[in-house]
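Novice: Quick one: structure below, then a few questions.
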Amino acid sequence: MTAPLLEVCGIRTRRGGIEVLHGIDLDVRAGEIVAVIGPNGAGKSTLLGTIAGVFPPAGGRVRLAGHDLGRRAAEEIVRMGVCLVPERRQIWSGLTVRQNLLLGGYHRYWRDRAGVRADVARPLRIFPKLAELIHRAGGHLSGGEQQMLAIARGLMSRPRVLLLDEPSLGLAPRVVREITQTLEQLRRAEGLAVVLVEQNVKAAMLVADRVCVMERGRIVLRGRPAELLAHPGVRSAYLGKGYEVAG
Amino acid sequence: MSGERLGLAALAVALAAVPALAPTAYVVTLLNVIGLYAIVTLGLILLGCSGQVSLGQAAFYGLGAYTSALLSRDLGWPPAATIPLALGLVAGTAYVVGVPTLRLAEHFFVLATLGVGIIVNVLMVQLVPLTGGASGLRDIPGLALPGVRITTDRQFYYLIWTLVFVTLILARNITSHRTGRALRAILGSEVGAAALGVEVSRYKMHVFVLSAVYAALAGALYAHYIRFISPSPFSLYASLFFLIMAVVGGLTNIWGGLLGAAAVTILDQIIRAEVPRVFPRVGGEYQTAIYGILLVLIMIFFPSGIVRGALDLRRLLVRSAARPAPVPAGAQDPPTLGDPPPVAPRAKPADGGGGM
């Protein structure tokens, strides 16, 4: 088994004076998708924000390929290869699709302006629909298109680890399927590691290699999707009693 | 030449001609005041571009004025040296203020800047040996730059408006390039911007310090122009006045800084002159109330500022002019057998499925 690309050891994070994460351990290998599921307020988004450097940890350690991310600033962590696609997409509605994508390559724009501009073609190949909308304002896109743009913008930073916060929020099942298929392609073709925070447990189970269940700032259960699907607690809490495993 | 550059050039030509064409000296004085306010407002708009609002801008305006005035009056240093020193001191002060306050969420930051404004104004009143207290400082030296003494209203006019243009172009360049994109990203979502590698705290600090320097520049010019300063033009009311100018102009629109300062200052002057003439028995409080009503109306009809409002209005007029006149009922030719069947309009796709 390969060494983990991202290691989270005993992370504790405080927000507004209250400890939200109480010692989280998590590891992700290159080309692996790890889903984090759990109820609202479990601390899933805080976990992603802590890994990305948006919320400074109060204790514990985050390592990327053996390098300590410590209390580094978010921009430095992006430069090292960890990119957060935040909750509710956070598309800049007044900027065009192209400008949103250019912002994704922001951290290396000074050093490699031509490279960043040329890189815009890459996410457009992954999401061809965006190529047709390249000059349209982000605010005029549909929910699905905005989510594609958010992921495409994240890919502009050339991440090794992508942190996805609720990408399926408010989207039609067809669009969710399309996005999860793209994630599959990315991890296979480029060895991208993905930490996927999801409320849509069924979608997360279908795409993830491993799943962690978070409750009240702790990981209470972890395993392969099939193992968790067989767990009566997970089935009744997240999938409903009548849920049958497809395929 | 782009439309914006053309507009800038036309404005420069028009402003250069004003002193020669102005019917009275009052117009030049009024334009000088507008120019000084425009510099402060431009700083506030830069701050607005990063999603911040300050209610303490008059403090930096006053610090610039008092620093340059004291150094030139009491130490005899030339204003050409004291003005840059004042800007440096204000930049340092803004940095010290910014370190703890810029971490605060939006409304708490506004309250913190309000507090800074009150503290600085109280110090201006209470440090009597240094500031002259409520009586202020008199006999501030006029402005003498190397090779030229600037004493008349017209000379100040050219200096002030040259600096307005310099600060305007600097602000425009900042907001229209890479930094501008970063500021817009921060304005849209701080978390989103940080997640993409935008140095949120660094940019917020830079913009905060720059906006304070803009205010200090206007303050220092004011001190050497009027040659008398007291705490009242740097009070909380002045901070509110600057913020109103920025909001009326459009809090994220650089051109709004100029137009907001002009609109609010002229409106203020008109109300002061006309209300007592129309309503002779009405007191000064009613003037303020009328001023307030007009501002409420501007905010209702132009919530994004008068520049954006005027552009939206123009777009609306162009669109309505381009729309074809409605065909009168019965004037259309009846369909024939050779015509293609009418096509039903496509239904709007459900949320999330659009265009997929």
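Only the coordinates and a few stated rules stand behind these numbers; no lab work does. Predicted, not measured: the structure shown is a model, and the values here were computed from it. Note that we place each Cβ from the backbone using ideal geometry, even for glycine, and neighbour counts take in every protein chain shown.
Novice: Relative to the longest principal Cα axis of chain B, at what angle does helix B:200-226 sit, 0 to 90 degrees, rounded to 10?
Specialist: 50
Novice: Determine Rg/Rh for chain B; Rg is computed over alpha-carbon atoms and Rh is the Kirkwood hydrodynamic estimate from the same atoms.
Specialist: Details: Rg = 24.9 Å, Rh = 22.8 Å.
With Rg and the Kirkwood Rh in hand, the quotient comes to 1.09.
Novice: Show the residues, 5+ positions off or on another chain, whose built amide H is closer than 5 Å to the amide H of A:V20.
Specialist: A:T13, A:R14, A:R15
Novice: For chain A, calculate the relative contact order in percent as a whole number, restricting contacts to Cα pairs under 8 Å that are 6 or more residues apart. Mind dumping the intermediate values first?
Specialist: Values: 468 pairs, mean separation 66.4, N = 247.
Relative contact order of chain A: 27 percent.
Novice: Positive end of the dipole of the protein assembly as shown, charges at C-beta (+1 Lys, Arg; -1 Asp, Glu), about the Cα centre: which of B:S232, A:V201, B:L6 has its Cα farthest in that direction?
Specialist: About the Cα centre, the residue reaching furthest to the positive side is A:V201.
Novice: Continuing with this model, one more query. Under DSSP H, which helices of chain A have Cα atoms covering 15 Å or more of the helix axis and a Kyte-Doolittle average no less than 0.0? Please report the intermediate quantities before stating the final value.
Specialist: Working: long enough: A:143-155 (18 Å, 0.11); A:173-190 (25 Å, -0.90).
Long hydrophobic helices here: A:143-155.
Novice: Expressed as a rounded percentage, what relative contact order does the range B:24-235 have, with Cα pairs under 8 Å and six or more residues apart?
Specialist: On the way: 318 pairs, mean separation 94.5, N = 212.
With pairs under 8 Å counted, the relative contact order is 45 percent.
Novice: Say the dipole of the range B:24-235 comes from +1 at the beta carbon of Lys and Arg and -1 at that of Asp and Glu; which of B:S68, B:V148, B:V125 then lies farthest toward its positive end?
Specialist: Checked the options; the winner is B:V148.
Novice: Per the helix-only calculation at 222 nm, which mean residue ellipticity applies to chain B, given -39500 (n - 2.57) for every DSSP H run of n ≥ 4 and division by its residues, nearest 500 deg cm²/dmol?
Specialist: Details: 14 runs with 252 residues, N = 356.
Calculated at 222 nm, the ellipticity per residue is -24000 deg cm²/dmol.
Novice: Evaluate the charge dipole of the protein assembly as shown about its Cα centre and quote only its size in Debye, nearest 20, assuming +1 on the Cβ of each Lys and Arg and -1 on the Cβ of each Asp and Glu. All intermediate terms of the calculation are to be shown ahead of the outcome.
Specialist: Values: 59 positive and 37 negative charges, 145 e Å.
Rounded to the nearest 20 debye, it is 700 debye.
Novice: Just want to confirm a number: the relative contact order over chain B, from Cα pairs under 8 angstrom separated by 6+ residues, in percent. Please list the in-between numbers first.
Specialist: Working: 468 pairs, mean separation 98.3, N = 356.
That works out to 28 percent.
Novice: Using only the alpha-carbon atoms, what does the range B:24-235 span along each of its principal axes? Please give whole angstrom values in decreasing order.
Specialist: 53, 35, 29
Novice: Taking the C-alpha atoms of the protein assembly as shown, how large are the radius of gyration and the largest Cα-Cα span, Dmax, in Å?
Specialist: Reported Rg and Dmax, both Å: 29.6, 98.
Novice: Continuing with the same structure: Relative to the first principal axis of the alpha-carbon coordinates of chain B, what is the inclination of helix B:79-101, with its axis defined by its Cα atoms, in degrees from 0 to 90 and to the nearest 10?
Specialist: 60
Novice: Shifting gears a bit: Report, in whole Å, the centroid distance computed from the Cα atoms of the range B:1-33 and the range B:127-187.
Specialist: 17
Novice: Continuing with the same structure: For B:L55, what residues show an amide H to amide H distance below 5 Å, using hydrogens built from the backbone and excluding near sequence neighbours?
Specialist: B:T113, B:L114
Novice: Residues of A:65-73, mean number of Cβ from any other protein chain within 10 Å of their own Cβ, rounded to a whole number?
Specialist: Details: counts 0, 0, 0, 0, 0, 0, 0, 0, 6.
Across A:65-73, the average partner-chain Cβ count within 10 Å equals 1.
Novice: From the helices alone, meaning DSSP H stretches of at least four residues, give me the mean residue ellipticity at 222 nm for chain A, per-run term -39500 (n - 2.57), in deg cm²/dmol to the nearest 500. Numbers along the way, then the final one.
Specialist: Numbers: 10 runs with 85 residues, N = 247.
Result for chain A, helices only: -9500 deg cm²/dmol.
Novice: Restricting attention to the alpha-carbon atoms of the range A:33-93, what are Rg (one decimal) and Dmax (integer), both in Å?
Specialist: 12.4, 37
Novice: Taking the Cα centre of the range B:24-235 as the origin, how large is its charge dipole in debye, to the nearest 20, when only Lys and Arg (+1) and Asp and Glu (-1) carry charge on their Cβ atoms?
Specialist: On the way: 12 positive and 6 negative charges, 66 e Å.
It works out to roughly 320 debye.
Novice: With everything on Cα atoms, drop me the angle between helix B:306-322 and the longest principal axis of chain B, reported from 0 to 90° to the nearest 10.
Specialist: 20
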